[in-house]
1. I need the full set of residues from the range 1-25 which are modelled with pLDDT of 95 or more and under 30 Å from L102 (Cβ atoms), in order please.
2. Output the number of residues of the range 18-51 satisfying the condition of being farther than 25 Å from P75 by Cβ and touching a residue at least 24 places away in the same chain (Cβ under 8 Å).
3. Could you list all residues from the range 85-102 that are touching a residue at least 12 places away in the same chain (Cβ under 8 Å) and either farther than 17 Å from F17 by Cβ or of a type in the set (F, W, Y) (or both)?
4. Residue check: is G77 in contact (Cβ under 8 Å) with a residue 12 or more places away in the chain, over 22 Å from L107 (Cα atoms) and not β-branched (V, I, T)?
5. Here is a list of conditions, (1) farther than 21 Å from G41 by Cα; (2) surrounded by fewer than 12 Cβ atoms within 10 Å (Cβ to Cβ); (3) touching a Lys or Arg at 6+ places or on another chain (Cβ under 6 Å), and E76 meets all of them except one; can you say which number that is?
6. Could you list, in sequence order, all residues of the range 61-88 that are among the aliphatic types (A, V, I, L, M) and in contact with a helix residue (DSSP H, G or I) (Cβ under 7 Å, 6 or more places away or on another chain)?
7. Do you know which of the residues in the range 21-52 that are surrounded by fewer than 14 Cβ atoms within 10 Å (Cβ to Cβ) and β-branched (V, I, T) is farthest from V105 (Cα to Cα)?
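The values are calculated or read from the model by the stated rules, or taken from the named source; none is laboratory data. As the structure is a prediction and not an experimental result, all values here were calculated from the model. Here the Cβ is made from the backbone with ideal geometry for all residues, glycine too, and neighbour counts use every protein chain on show.
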Amino acid sequence: MIRLTVLYGHPTDPAEFDRYYREVHLPLAARMKGLKGWTIGKCEAVVPGEQPPYYLMVGLWAEDRAAMEAILASPEGQAAVADVPKFATGGATFVYDDERVLLDVSLVKDPSTPVI
């Protein structure tokens, strides 16, 4: 399985980033078909009180890199990618990794928890 990780730098206006991400980008990105998993988490520093290197980290999973690239090449994927510069004032870094499970983890989707 392949994971595409998106690392968002610290935005100039975190409240506006959160609003736009939640109200505009997430519904747009949710139109992409074929993802096997999707996680989102605000970053926390290892040392309390320090700023973490990134603001938000997103993980998108697909069966393999070809499948992920097909998802991103679709009209829905292209729309989501094109939207990133509209709100990511701190920049965004995209990186692939070939995911290997060493210890199984199960994350429970909680619809009552705000996304960001």
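1. I2, R3, L4, T5, V6, L7, Y8, G9
2. The qualifying residues number 3.
3. Going through the range 85-102, the residues touching a residue at least 12 places away in the same chain (Cβ under 8 Å) turn out to be 86-99.
F87, F94, V95, Y96, D97, D98, E99, listed by residue number.
4. Working: in contact (Cβ under 8 Å) with a residue 12 or more places away in the chain: yes; over 22 Å from L107 (Cα atoms): yes; not β-branched (V, I, T): yes.
Answer is yes for this residue.
5. So E76 meets the others, but not (2).
6. First, the residues of the range 61-88 that are among the aliphatic types (A, V, I, L, M): 62, 66-68, 70-73, 79-82, 84, 88.
Selection gives A62, I71, L72, A79, A80, V81.
7. V24
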